[in-house]
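To start, the structure itself, in structure tokens.
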Amino acid sequence: ETERAAVAQRWTAGHRLVTLIGPGGVGKTRLATHCVQAEDRPVIMVDLSDADTHSAAITRVSAALSTPLAAGDADAWTRQLGAALAGRGPLLLLLDNLEQVLSLARSIRAWLLDAPDLRILGTSRTRLGVRGERAIEVLPLSPDVAHALFVDRLDGAGGDHTEVGIDALLDELDGLPLALEMAAAQVARMGTAALIKRLRTARLRLSHRTTGVPERHSSLDATFAWSWERLNDAQRNALCVLSLFRGGAPLAGVQSVLGEDALDRVDELVDRSLVRVDRAHRSEARVTML
């Protein structure tokens, strides 16, 4: 409800590009679909998860708009779709999984200029960097909400929600909805104690056994790999180094290991929803990760 209200406030304030930002499995797509249910304008949703180029993404948008593309390049297609969007009047375009094709940002900017009645709601693990973008961070669930979701999914899987150790298990899962759903199914099969033991000894990978789940959400490994594959070598090295700090580290500690480029690397990983900077500590902000 908090995030939905934040999106509505951005629309009311006149902002026309809102991006829901967060790590894989935090529930951005589901949240976005709830946000658009209250819209009083037509909504068109475009799933970009299998679009790996700018041209492929534009093709997905054209198909969703039922607007055939004439011969030309991506720039010509952008102009063509801009005219089509302008002719639709009030419209909300929901672009899901934008981190797959960040190059689409330049087309998005052009469409907003061409179509003054257009709103765009995007989901992404990475900020688009488009002028006028308003990013809303989608955080993992609070302990109470995480517990409620886990119990609901556990009941659905035929498990016992009165079993001892559920709170300890939830501490391991960081309030990530995807992890909670996967864990609930496995607790129903093996029990809480066994699952905690196997998670802590890295002999178990949380995964889905549900049909119709996207490949990137089939397991937590796949969810992480989706982000990892979109990093450059310097960012991957920084993430590996950060993983060595148990419970996170102060910025000074990170800088002592990563060197003078530490803050740049941390900023890049924060922008990609892979690490967070926790400013709750009195002494110094700490870099943490799920």
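The values are calculated or read from the model by the stated rules, or taken from the named source; none is laboratory data. Worth saying up front: this structure is predicted, and the values here are computed from it rather than measured. All Cβ positions, even for glycine, are placed from backbone atoms using ideal geometry, and neighbour counts span all protein chains on display. For the accessible areas, the whole protein counts, side chains as well, though only heavy atoms, and no ligand, DNA or RNA atoms are used. Shrake-Rupley method; radii C 1.70, N 1.55, O 1.52, S 1.80 Å.
Among the residues of the stretch 166-185, those identified as surrounded by 16 or more Cβ atoms within 10 Å (Cβ to Cβ) and either modelled with pLDDT under 85 or among the hydrophobic types (A, V, I, L, M, F, W, C) (or both) are ILE166, LEU169, LEU170, LEU173, LEU176, LEU178, ALA179, LEU180, MET182, ALA183, ALA184, ALA185. For the stretch 34-67, the set of residues classified as more than 19 Å from the chain's Cα centre (by Cα), closer than 27 Å to THR12 by Cβ and open to solvent by less than 20 Å² (accessible area, probe 1.4 Å) consists of VAL61, LEU65, listed by residue number. Within the bounds of the stretch 85-97, is there any residue that is outside any helix (DSSP H, G or I), open to solvent by 30 Å² or more (accessible area, probe 1.4 Å) and free of Cβ contacts under 8 Å to residues at least 40 places away in the same chain? Yes, because at least one residue in the stretch 85-97 is outside any helix (DSSP H, G or I), open to solvent by 30 Å² or more (accessible area, probe 1.4 Å) and free of Cβ contacts under 8 Å to residues at least 40 places away in the same chain.
Conditions (1) part of a helix (DSSP H, G or I); (2) among the hydrophobic types (A, V, I, L, M, F, W, C); (3) at pLDDT 90 or above, marked per residue:
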| site | (1), (2), (3) |
| --- | --- |
| LEU239 | yes, yes, yes |
| LEU244 | no, yes, no |
| GLY259 | yes, no, no |
| LEU269 | yes, yes, yes |
| LEU274 | no, yes, yes |
| VAL287 | no, yes, yes |
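Of all residues in the stretch 98-105, none are outside any helix (DSSP H, G or I) and among the acidic types (Asp, Glu). Here the stretch 132-146 is the region considered, the condition is being over 12 Å from the mean Cα position of the chain (by Cα) and closer than 15 Å to ASP171 by Cβ, and the residue that is least open to solvent (accessible area, probe 1.4 Å) is ALA146.
For the stretch 154-205, a residue qualifies if it is farther than 24 Å from ALA225 by Cβ and outside any helix (DSSP H, G or I), and the qualifying residues are ALA157, GLY158, GLY159, ASP160, HIS161, THR162, GLU163, VAL164, GLY165, GLY191. Just for the stretch 1-33: of the residues that are of a type in the set (A, V, I, L, M, F, W, C) and out of contact with any strand residue (DSSP E or B) (no Cβ under 8 Å at 6 or more places or on another chain), which one is surrounded by the fewest Cβ atoms within 10 Å (Cβ to Cβ)? So, considering only residues that are of a type in the set (A, V, I, L, M, F, W, C) and out of contact with any strand residue (DSSP E or B) (no Cβ under 8 Å at 6 or more places or on another chain), the one surrounded by the fewest Cβ atoms within 10 Å (Cβ to Cβ) is ALA13. Screening the stretch 106-129 for residues that are in a loop (DSSP other than H, G, I, E, B) and surrounded by 18 or more Cβ atoms within 10 Å (Cβ to Cβ) and picking the one that is nearest to the chain's Cα centre (by Cα) gives ARG125. ALA70 meets the stated requirement of being open to solvent by 50 Å² or more (accessible area, probe 1.4 Å), on the phi < 0 side of the Ramachandran plot, free of Cβ contacts under 8 Å to residues at least 40 places away in the same chain and part of a loop (DSSP other than H, G, I, E, B). For the stretch 121-163, a residue qualifies if it is of a type in the set (Gly, Ala, Ser) and farther than 16 Å from MET182 by Cβ, and the qualifying residues are GLY122, SER124, GLY129, GLY132, ALA135, SER142, ALA148.
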